[in-house]
Amino acid sequence: MMNGLKKFFDSQQRHFVDGGKYERWYPLFEAIETVFFASDEVTRKWPHTRDSLDVKRYMAMVIFMLLPALFFGMYNVGYQSRLASGFTLDVLPCFWLGFKAVMPLVIVSYAFGFGWEIVFAVVRRHTISEGVFVSAMLFPLTLPPTTPLWQAALGISFGVVIGKEIFGGTGRNFLNPALTGRAFLYFAYPVQMSGDAVWTLLSGVGETAVDAVTSATPLVVAATAKTAGAVEETLASAGFTFSSLFLGRYPASIGASSTLLCLIGAVALIIIGVASYRIIIGDILGVLAMGFLLNLIANESSMPYLSLNPFYHLVMGGAAFGIAYMTTDPVSAPDLHEARWIYGFLIGALTVLIRVFNPAFPEGIMLAILFMNVFAPLLDHIVVRMKLKKRIPNV
Amino acid sequence: MISVRVPKGFDLPVNGQPSLELEVLDPPVRVAALPERIPFVKPRLKVKIGDAVKIGSVLFEDKRNPEMVFLSPGGGEIEQINFGRRRVIREIVIRLDEEESHQSSDPLPEEALNTVPRDELIRRLMAGGMWPLIRELPFRDIANPGHRPPHLFVCLDSTEPFLPDPVIYLNGKTDLFGFGLKVLQRLAGDAVHICVSRERVDSLELPKSWVTHQYTGRYPAHDPGALLYRLKASAAENRSWFITGDNVLRIGEFCRTGVYPVSRTVVVSGSAAASRRHLVTRIGAPLVQLAGKPAGNGDTRHIAGGLFTGYITSADSYLGLFETALTLIPEGNEKESMALFKPGCGKPTFSRVFASRLTRKPLTCDGNQHGGLRACIACMHCADACPVDILPQLAYKAILAEEVEEYLEHGLLDCVECGLCSWVCPAKIDLAEALKAAKAAYFNEQAG
C-alpha cells in the first residue's frame, strides 16, 4: 500500500514542481504528500543537521490532544439530546447521535478552513502552514451543537481569512483565528450563538416535554443567583455540582465542557513542550486571584456572583478549554516567557471580570483572550526593553 | 581556578564518536591552502601555477594588511589554483616533492623570549604565518596586532561533536605547550586563560595549576564567546582574543625551531565514517585520504569541521587552516514514510515531541532538513537554546527589517555562531546563517 502511494506521489510530483502543469498548486501537493512521506529536502546551509521536529508534527500534536475532547463532545451532544427527548442513555446511541450532529460541523470547518488556506497559499505563493488544521479543529469545538452548517462555514472563513490570512498566514496573525471566527458568529448571529436553547440538540420526537431542554447554562445560573454566599447551592440545585461541571456532562459548546479532558490535554501538551506552562499556570492564577479578590469585596448587599468559590470559574463554561487550547496558541500569545506569565494572568483575571460584571456576556474567556491577543505585542515590547537594558552592550 | 557555568545550550546525543586511538597517516601527495575559508581575509596571491615553493614560503597575503602572510603547508610545486564564483580563491594545491625543503627563520629560545620586545615578537609571529591562529571576538577575524586583549582564551577542548580531544593532541607535549603559553603571555600578560571542561580537567597531562577556567554546560559551553559572555563585566572586554590548544603547540614549535610547523592532529568522525579516530596528518591534507571509503550505501555528506559549525565540502577537497575535523554523515535525501504517525524513537530533537527524548542513547543525525520552511510560530526553542541570551527570532526579524541599531541592541555581536537557533527551529528558518551574515555585513561596513 505504502509503495503504491509512494509511486503515485513520485509520479505526480513532476506536474507540481517548477515548470510543471500545476506548478502553482505545489503548496497543496507538498501539504498532502508530507502527511504520508517526510520531505527529502536536505540542508543547504550550516548547521548541516536539523531537529527532527517540524511545524507539521508540532501542530499534529495539538490536534491529537484535541481528539478526546472531540469524542467526548460527540458523546455529550448525543447524551444531552437523548436526555431531553427521554430516550435511553446508552453510550453508543448517544455517541452515534452526537457523531451525526458534530461530524458535519467538523468537516465543514476543515473544508472551508483548508480551502481558504489553499487559495491564499496558491495566490500569495507561500507554503500551506499546518496551523490551519488546528484552527479548523478548535473552531467547531467551541460552537453550540445546534449551529447551522452555513454559519460554521462563515465563521471559519472569517477566522481564517480576516483573523489570519490577510496578515500573511500562520505565524503573522495577531489574533487567534479560531476565536476570531467564533467571536464573529457570536456578534453576527446572537440568536444562534447565545441564550439557553442553543446548547442542546433536539433530536426529534421524545416522550418528555421539550421545555426541559431550555435549562440555563451554569454561567447564567451563577450570574442570576439570588443569595450571596450560596451560589454553589443554587448551581447544585440546577444540577451543576462541582464534580458534574468538572466531568462536563451538561449542555455546553461541543468540545469545551469537560474540564477533566482539558486538564489532561493541558498536562500532556506541557509535558511534550508544545503548550507553554507559563501561560496555563498564569491563566489559572489569574482566574483564582480575581475570584478571591471578588470574594473579599463581596458582602450582603453586593451581587451574589461575587461570592462564588473561585475554583468554580475554572470548571464552568469554556474557561478550561480556552486555557488549555486557545491561550496557548504561541503565535497570538507574546513570544517571551516573562510576558507569557503576565499574558496568562491577565486573561484569567479578565475572564472572571467579564463574567461577573458584564451582564451582556455570560462567558468571558473568548473576549479576554482576544483582548489580550491585541496586547501581546505590547507585553513583549516591555519585556524586551527590560531584558535589553540588562545586557552589556556589544557594538 | 574559576568555574564558568553556561546554563543554556544543547547536547545532541549523536553517534559516530571517534575513538581515542591515534593513527599516523602516510605523507600525502598533495596539500592545499584554502584562502576562501579564512574569514574576512582579502587574499592577494604571491605565487602562480608552476612556482616552486618551500614549506613556509608565502602563498598569499591579506590585502588589508600586507604584513599578514599565509605560508605554504608543503614544499613542492604549485599545481593548481582553483577559483570559485566571483574569482574567490578556493584552493592553492601544492604537489609535494619527495624531499621537501623549509624556509626557516631564527628560532626564539626561551631566554630570548623574555627580553624580546612585544612588537618584535608580533612581527616575527606575523612573518612566520603564526599570527592568524590568534583570533579576535566578536567577529572572529584574525586578531588585530594593535590591540591589547582584555582576555585571551586558550580553548583546549570542545563540546561540539566532534573535535580533537586535548588528551590526545597534548599527549607528551606538555613542555611544548608550556612554551607556547609563554609566548602568548608575552602578548597578553595575565589575560591568558586556559579553559577546559570540568569533566576533562583531570584526564589532562598538564599541571592542573595551568588551567585557569573550567566550564560546565552543554554545547557550545566551550566557545570563547560563550565564556566571555558569562565572564565579562563591561563592554570594554568585548574585543577578546582566542586560540585553540593545538595552535598553541604550533606557536611553541615555531618559536622553538623557526620552522613553519605543518603537522596536526585531526579527527574523523560521524556515523557515515568507516573508521572514526584521531589522525596525525599535515595541514591542508586531502580529505579523501582522511575519509577513506565511507560506510553505508547512501550518499555521504562531508563536513569540514564539527557537526554544527563546519562547512559542506567534498571528498576531493582539502582541510583548511582552521579545520581540525572531518565529519561524515548520511545525506538523508530519502522520503521516510508515515514519519508523522510514528512515536519517533531514534529522532534527534531539542523538543520533547519524540519518544527519543526518553533515553540519552546516541542517535544518527543526517543532512535531511526534516520539514519544510514555514513562518515563525514563536515556539521559543531558539531563545531557549541560545547560549548568550539573544532572542534569535526577534533579532532575525530586526535583520529582515534592516533595523541595525535594534539588532545590535539585541546582542547580535555576542552571537557565538554555534548554529543552535537554526538547528532547533521547527519552521526550518536559517536563523544562524542570517545572524552570521548580518555580523559579517556589519564588520565589512565598519572596516569601510
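Numbers below:
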{"item": "Extension reserve of the A:F8-A:T227 stretch, reckoned as 0.36 nm per residue once the Cα distance is removed", "result": "72.0 nm"}
{"item": "Point-to-point label distance, B:D316-A:L260, nm (Cα→Cβ direction, 7 Å offset)", "result": "6.8 nm"}
{"item": "Length-normalised contact order of chain A in % [C-alpha pairs under 8 Å, at least 6 apart]", "result": "15 percent"}
{"item": "Per residue solvent-accessible surface (Å²) - region B:370-448, probe of 1.4 Å", "result": "32 Å²"}
{"item": "Computed over region B:153-222: relative contact order in percent, which uses C-alpha pairs under 8 Å that are six or more apart", "result": "41 percent"}
{"item": "Between helix B:174-188 and chain B: long-axis angle, C-alpha atoms, 0 to 90°, nearest 10", "result": "90 degrees"}
{"item": "For chain B, share of DSSP beta bridges that run antiparallel, in % to the nearest 5", "result": "60 percent"}
{"item": "Integer Hz, Karplus 6.51/-1.76/1.60 couplings in order for region A:273-279, x for Gly and Pro", "result": "x, 8, 9, 7, 5, 5, 5"}
{"item": "Gyration tensor (alpha-carbon) shape descriptor, region B:324-448, a/c threshold 1.5", "result": "prolate"}
{"item": "Degrees separating the helix A:149-161 axis from the principal Cα axis of chain A, which is the longest one", "result": "60 degrees"}
{"item": "³J(HN,Hα) computed for each position of region A:129-136 - Karplus, 6.51 cos²θ - 1.76 cosθ + 1.60, integer Hz, glycine/proline x", "result": "8, 6, x, 5, 5, 6, 4, 6"}
{"item": "Heavy-atom accessible area, 1.4 Å probe, ligands and nucleic acids excluded: residues of region A:30-45 down by at least 40 Å² from chain alone", "result": "A:V35, A:F36, A:A38, A:S39, A:D40, A:E41, A:V42, A:T43, A:K45"}
{"item": "Within the protein assembly as shown: Cβ-based charge dipole about Cα centre, in debye rounded to nearest 20 (Lys, Arg +1; Asp, Glu -1)", "result": "420 debye"}
{"item": "Tally of Lys pairs whose C-alpha atoms are under 18 Å apart, taken over region B:1-116, 8 or more apart or cross-chain", "result": "4"}
{"item": "A:V119 versus B:T257: modelled label distance in nm, points set 7 Å from Cα along the beta carbon direction", "result": "7.5 nm"}
{"item": "Ellipsoid semi-axes in whole angstrom, largest first, where each is sqrt(5λ) of the Cα gyration tensor of the protein assembly as shown", "result": "63, 29, 21"}
{"item": "Partnerless Cys - chain B, beta-carbon criterion under 4.7 Å", "result": "B:C155, B:C195, B:C255, B:C345, B:C365, B:C376, B:C379, B:C386, B:C415, B:C418, B:C425"}
{"item": "For B:Y219, net neighbour charge (Lys/Arg +1, Asp/Glu -1) across residues whose Cβ lies under 11 Å away", "result": "-1"}
{"item": "Residues in region B:363-378 occluded by at least 50 Å² - accessible area, probe radius 1.4 Å, against chain by itself", "result": "B:Q369, B:H370, B:R374, B:A375, B:I377, B:A378"}
{"item": "Sum of -39500 (n - 2.57) over DSSP H runs of 4+, divided by residues of the protein assembly as shown (222 nm, nearest 500)", "result": "-12500 deg cm²/dmol"}
{"item": "Part-to-part distance (alpha-carbon centres) for region A:15-54 and region A:272-302, which is given in Å", "result": "44 Å"}
{"item": "Estimated FRET transfer efficiency when R0 is 51 angstrom, pair B:C345-B:S105 (beta carbons, to 0.05)", "result": "0.30"}
{"item": "Top positive-direction residue, dipole computed over the protein assembly as shown with Cβ charges, set B:F70, A:L219, A:N176", "result": "A:N176"}
{"item": "Rounded to whole Hz, the Karplus (6.51, -1.76, 1.60) HN-Hα couplings of region B:57-69, x for glycine and proline", "result": "6, 6, 8, 7, 10, 8, 4, 5, 8, x, 6, 7, 10"}
{"item": "Value of relative contact order over region B:152-289, rounded to a whole percent, pairs C-alpha under 8 Å and six or more apart", "result": "31 percent"}
{"item": "A:M372 accessible area, 1.4 Å probe, all protein chains in place, Å² to nearest 10", "result": "10 Å²"}
{"item": "Pairwise burial A:B, computed as accessible area of each alone minus the pair, summed, 1.4 Å, Å²", "result": "6100 Å²"}
{"item": "Peptide ranges B:83-91, A:42-50 listed from the most packed, as the mean C-beta count within 10 angstrom indicates", "result": "A:42-50, B:83-91"}
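The values are calculated or read from the model by the stated rules, or taken from the named source; none is laboratory data. Note that the structure is predicted; figures quoted are calculated from it, not measured. FYI the Cβ positions are ideal-geometry reconstructions off the backbone, even for glycines, and counts take in every protein chain you see. Accessible surface is based on the protein model in full, side chains and every heavy atom, while ligands, DNA and RNA are left aside. Shrake-Rupley method; radii C 1.70, N 1.55, O 1.52, S 1.80 Å.
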